[in-house]
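Heads up: the structure comes next, in structure tokens.
The values are calculated or read from the model by the stated rules, or taken from the named source; none is laboratory data. Values in this document were obtained by computation on a predicted structure and should not be read as measured data. We place every Cβ from the backbone using ideal geometry, glycine too, and count neighbours over all the protein chains shown. Note: areas computed on protein heavy atoms with side chains; ligands, DNA, RNA excluded. Shrake-Rupley method; radii C 1.70, N 1.55, O 1.52, S 1.80 Å.
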Amino acid sequence: MHRLESMSNPIQIAVVGTGYVGLVAAVCFVEMGHSVVCVDIDEAKIAALKSGHTLIHELHLPELLERYRNTRIRFTTNLAEAICASDAIFIAVGTPQSETGDADLSYVESVAREIASSLTTYKVIVEKSTVPVYTNEWIRRTIESNGIARSLFDVVSNPEFLREGTAVTDFLHPDRIVVGSDSEAAAALLERIYAPLTSGAYYDRPGAIPGRCTATSPPPLLLTSTKSAELIKHASNAFLALKISFINTVSNLCEATDANIEQVARGMGLDNRIGPRFLSPGIGYGGSCFPKDIAAFRYVAEQLGIDFNLLAEVEKINTEQKKRFLARVRSALGTLSGKRIAVLGLAFKGGTDDVRESPAIDLVELLLAEGCSIAAFDPAAMQRAQEEVPAGPQMQYVDDAYTAAANADALLVLTDWPQFAAIDLKLLHHAMKVPIVVDGRNLFDPKVMQQYGFTYISIGRPSVQHSRALELAASQTF
Ligand code: NAD
């Protein structure tokens, strides 16, 4: 398709579910030139979106929503009306973990049933949510079992790989677009939807959101079977989680041998076959995707009689990593009970307000259970964190890092927000009662921390001790 043609070939799209994925996808489709109607069952969310509030913290999202709010994007709770108005219906509802570990597909199922009750002309239904292999077939059977003729619809798998915090840029500058389709007509519609990106036309447009892709280096669209597309998503997340657990275990080896994980990771990452990304050690992965997707993938393998115990190890290492961090805090402080701890970071990673399965929240809960009192700060996740761990006499939410540090026995860095790395260390040192920093994200240079008078404990790197901090900690251990 010609480049200009691909920017002027708008498709009518419905996106069902306006969470992190649905809202970002919808706004980006509009930015690519299409018209979108967003559907959600949450009336308060739809009302907020209609009045221009994005409700989630994502770079570029507010400006794009504002640009298109009264033009090519609209919001409704009426799915039937949205289906009627659209050629493609993207399902982007949640697929949480069920009690047995597999994906809970009840939200997907209820959308599929509702679609079935409104289908009168041919539509392409697109599975955007992360789902186990065979879900595409199951959606098709669900719709057919509601009396809809096979000729009236196709179901395509189009997994999403965006990362919270950089979601808009990731969507518009993807490494790849995966389209799993067993129908040529449905695949062709998806190719038309993504043509502004795959042709490169979008990147030449004035005001395009900048990123990795360019008109001469656009993203590839990979056409696969539906089952391969479903497996690509689960396998990719499982592989990334494996990389994290692997480097975390290597960091433990570094701690045991006084080696330095930064040097080891760099030495590994320079190997083209390995690559440098996802080799930063920390307090373990979290978020709304990795934990549930690894569990669901493991469940799928089990059901199919495939031994994938490797994934159980990945999960075990991840749980242990948090406990190990807590043990290091305990050993730095002698005892935890009664200590005042400053916590920097509550989101599961920097750049987002999402605290779902956040290792930072897990650690806060463990510290509270040990009798610590906590003063916590996060640049974006304070409100969502308070829904998980309510404020109280032992749990204080404060407005900045220095207030959190005031009179603290130790400061913990739990989320990799770049602004934490830019903290004024002199002010921080001045604020703390005992200058001990336990850094779960390796944001600081140990030598610099030592110069500023901190005892500094990080992941997989030799700790630096500062005599005043040690004396003060010892004097308070009884
Ligand atoms: P989310 O919880 O933020 O949003 C889901 C939305 O769906 C909610 O607004 C909810 O009200 C709505 N919803 C539920 N049932 C509905 C129905 N019947 N009709 C209309 N709306 C309904 O979830 P999310 O983080 O956007 O994730 C969505 C899917 O995308 C999941 O499968 C997830 O695994 C996958 N995914 C997420 C990410 C991520 O970073 N968050 C990345 C890639 C893929």
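The table for this structure:
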| item | result |
| --- | --- |
| Search result, residues across the range 272-294 that are surrounded by fewer than 24 Cβ atoms within 10 Å (Cβ to Cβ) and more than 12 Å from the ligand (Cβ to nearest atom) | 272, 273, 274, 275, 276, 277, 278, 279, 280 |
| Flag for residue 331 being open to solvent by 60 Å² or more (accessible area, probe 1.4 Å) and either in the same structural domain as residue 407 (by TED's automatic domain parsing) or outside any helix (DSSP H, G or I) (or both) | yes |
| Residues of the range 257-279 classified as of a type in the set (Gly, Ala, Ser) and closer than 18 Å to residue 440 by Cβ, total | 1 |
| Test: residue 362 is of a type in the set (Asp, Glu), in the same structural domain as residue 385 (by TED's automatic domain parsing), in contact (Cβ under 8 Å) with a residue 40 or more places away in the chain and within 16 Å of the ligand (Cβ to nearest atom) | no |
| Boolean, residue 155 is more than 13 Å from the ligand (Cβ to nearest atom) and over 20 Å from residue 24 (Cα atoms) | yes |
| Subset of the range 432-449 that is open to solvent by 10 Å² or more (accessible area, probe 1.4 Å) and of a type in the set (D, E, K, R) - its residue that is farthest from residue 346 (Cα to Cα) | 447 |
| Candidate set from the range 371-424 (those that are without any contact (Cβ under 8 Å) to a residue 12 or more places away in the chain and of a type in the set (Gly, Ala, Ser)); member that is most open to solvent (accessible area, probe 1.4 Å) | 422 |
| When residues of the range 95-122 are limited to those that are among the hydrophobic types (A, V, I, L, M, F, W, C) and over 25 Å from the mean Cα position of the chain (by Cα), the one farthest from the ligand (Cβ to nearest atom) | 119 |
| Some residue of the range 464-474 being assigned to a helix (DSSP H, G or I), in the same structural domain as residue 349 (by TED's automatic domain parsing), open to solvent by 40 Å² or more (accessible area, probe 1.4 Å) and of a type in the set (Ser, Thr, Tyr) | yes |
| Of all residues in the range 347-361 being closer than 16 Å to residue 167 by Cα and of a type in the set (Asp, Glu), the one that is nearest to the chain's Cα centre (by Cα) | 354 |
| Among the candidates 125, 143, 148, residue that is more than 13 Å from the ligand (Cβ to nearest atom) and crowded, with 24+ Cβ neighbours inside 10 Å | 125 |
| Any helices (runs of 4 or more DSSP H) falling wholly within the range 130-198 and containing at least 3 residues that are more than 26 Å from residue 299 (Cα to Cα) and in contact (Cβ under 8 Å) with a residue 40 or more places away in the chain | 167-172, 184-198 |
| Residue under evaluation residue 160, criteria (1) over 23 Å from residue 18 (Cα atoms); (2) within 9 Å of the ligand (Cβ to nearest atom), criterion not met | (1) |
| Check on residue 244, in contact with a Phe, Trp or Tyr (Cβ under 8 Å, 6 or more places away or on another chain), among the aliphatic types (A, V, I, L, M) and more than 30 Å from residue 187 (Cα to Cα) | yes |
